[in-house]
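K.L.:
Pasting in a structure now, in structure tokens, and then I'll have a few things to ask.
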Amino acid sequence: MRVLLTGADGQLGRCFQDRLPVGWVIRETDAKTLDITDSLAVFAEVDSFKPDLIVNAAAYTAVDKAESESEIASLVNVDGARNLANAALRVNAKFIHISTDYVFDGNAVTPYQETDVTNPLGIYGKTKLDGELSVLAVNDESIVIRTAWVFSEYGNNFVKTMLRLGVDRACLGVVADQRGCPTYAGDIANAILLLVQNSNVKGGIYHYCGDKDVSWFEFAEAIFKQAKMVGYSGSPEVKGITTKDYPTPAARPKYSILNCQKIKQYSGIEESDWRTALAAICIKLI
Ligand SMILES: NC(=O)c1ccc[n+]([C@@H]2O[C@H](COP(=O)([O-])OP(=O)(O)OC[C@H]3O[C@@H](n4cnc5c(N)ncnc54)[C@H](OP(=O)(O)O)[C@@H]3O)[C@@H](O)[C@H]2O)c1
């Protein structure tokens, strides 16, 4: 299997490389080596490398910044995704694209299914939704995985932010009225590998996230509990606050739990056991 990976320096990109099966050949690219918004560069890359699989782990992921940078967010998340879908079609490669729970508005009361109505609250979610639509319009055999609250030992994420702030601050206010499912990027990488090796899996949208929902406040508590068990020096008091107490440029869904039955049914992939992953990451980071 020859794999072209974009966004290789991001959380998912790094975790995917760590899990590459023996014998697979990878061409890992990032913003510096392959800008996915440059269609000619993308086509030249696939023409020379001739991948069997393209995994798009590249994205504009700055949710708040996107509110004032809608053009660049759209270029990366829509045009970039479309370029890769076109390139995959050109060389008959499978295409895996990643999307987000932020395509929903969070007004649901039961976990979102793939067929539920989307209604993003912000620019990031809107560009990710438009990216999904354009990828599937180019080729309905593309696989789009919507995931949520991604963390890992790499890059920037909530776990690393909490651990950094917890050392310096005696008290941390964390939003307690938004719920979601933390998802370990390594588990997303494993899910991708299982999906592409299963010939029964059809193109379309699949939800994949953590196996237990929490608020950001509860997630923070779990992080500090786990970190303390492995010798973390911080000991902040964590207080639950409301979204109103912590205004951000982009609105976020208050409920963004994804129903993962479809991916389980098609390929037996279990949801991300994020608490086990969190324990392993705390050992690495502390
Ligand atoms: N993080 C989350 O909580 C979350 C939640 C739901 C869904 N997702 C989705 O999951 C996927 C992976 O997320 P992640 O957390 O691994 O993201 P990440 O850590 O932010 O990595 C994204 C990577 O894409 C690169 N990139 C940006 N613009 C590019 C361009 N024009 N061409 C090529 N590469 C470019 C970035 O490079 P630079 O850093 O140099 O810009 C970065 O290395 C994304 O599709 C994201 O939307 C993430």
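K.L.:
Viscosity 1.002 mPa s, temperature 20 °C: give me the Stokes-Einstein translational D for the stretch 124-177 in µm²/s, with Rh taken as the Kirkwood radius over C-alpha pairs. Intermediate results must be reported in sequence, preceding the final value.
P.N.:
Values: Rh = 14.4 Å.
Roughly 149 µm²/s, to the nearest whole number.
K.L.:
What do you get when you divide the Cα radius of gyration of the stretch 17-90 by 2.2 N^0.38 Å, with N the number of residues?
P.N.:
Details: Rg = 13.5 Å, N = 74, 2.2 N^0.38 = 11.3 Å.
The stretch 17-90 yields a ratio of 1.19.
K.L.:
Taking amide H atoms as placed 1.01 Å from N in the peptide plane, list the residues 5 or more away in sequence, or in a different chain, whose amide H sits under 5 Å from that of Ser99.
P.N.:
When sequence neighbours closer than 5 places are left aside, the close amide H contacts are Ile145, Arg146, Thr147.
K.L.:
Kindly report the accessible area of the chain per residue (heavy atoms of protein chains, probe 1.4 Å, no ligands, DNA or RNA), in Å².
P.N.:
Values: 12820 Å² over 286 residues.
Accessible surface, normalised per residue, equals 45 Å².
K.L.:
At a 1.4 Å probe radius, carbon and sulfur cover how many percent of the accessible area of the stretch 81-229?
P.N.:
Answer for the stretch 81-229 is 49 percent, counting heavy atoms of protein chains only.
K.L.:
In addition: Distance from the Cα centre of the stretch 197-239 to that of the stretch 137-165, in angstrom?
P.N.:
11
K.L.:
Can you classify the stretch 137-267 as rounded, prolate or oblate using the Cα gyration tensor, where a ≥ b ≥ c are the square roots of its eigenvalues, rounded means a/c under 1.5, and otherwise it's prolate if a/b beats b/c and oblate if not?
P.N.:
Values: a/c = 2.76, a/b = 1.88, b/c = 1.47.
Prolate, since a/c reaches 1.5 and a/b exceeds b/c.
K.L.:
While we're here: Report the per residue volume, in Å³, of the convex hull enclosing the C-alpha atoms of the stretch 1-142.
P.N.:
Normalising the Cα hull of the stretch 1-142 by residue number yields 115 Å³.
K.L.:
Quick one, can you get me the convex hull of the C-alpha atoms of the chain expressed as volume per residue in Å³? All intermediate terms of the calculation are to be shown ahead of the outcome.
P.N.:
Numbers: hull volume 35.1 nm³, N = 286.
Roughly 123 Å³ of hull volume per residue.
K.L.:
Let me ask you something else. If you roll a 1.4 Å probe over the stretch 4-66 with all protein chains in place, what percent of the accessible area is carbon or sulfur? Walk me through the intermediate numbers first.
P.N.:
On the way: 1470 of 2850 Å².
C and S fraction of accessible area: 52 percent.
K.L.:
Could you tell me what percent of the DSSP beta bridges with both partners in the chain are antiparallel, to the nearest 5? Before the final figure, lay out the partial values.
P.N.:
Numbers: 2 of 34 bridges.
Given both bridge residues lie in the chain, the antiparallel proportion sits at roughly 5 percent.
The values are calculated or read from the model by the stated rules, or taken from the named source; none is laboratory data. For clarity, every value in this text was computed on a predicted model and none was experimentally measured. For accessibility, only protein heavy atoms count, side chains too; no ligands or nucleic acids. Shrake-Rupley method; radii C 1.70, N 1.55, O 1.52, S 1.80 Å.
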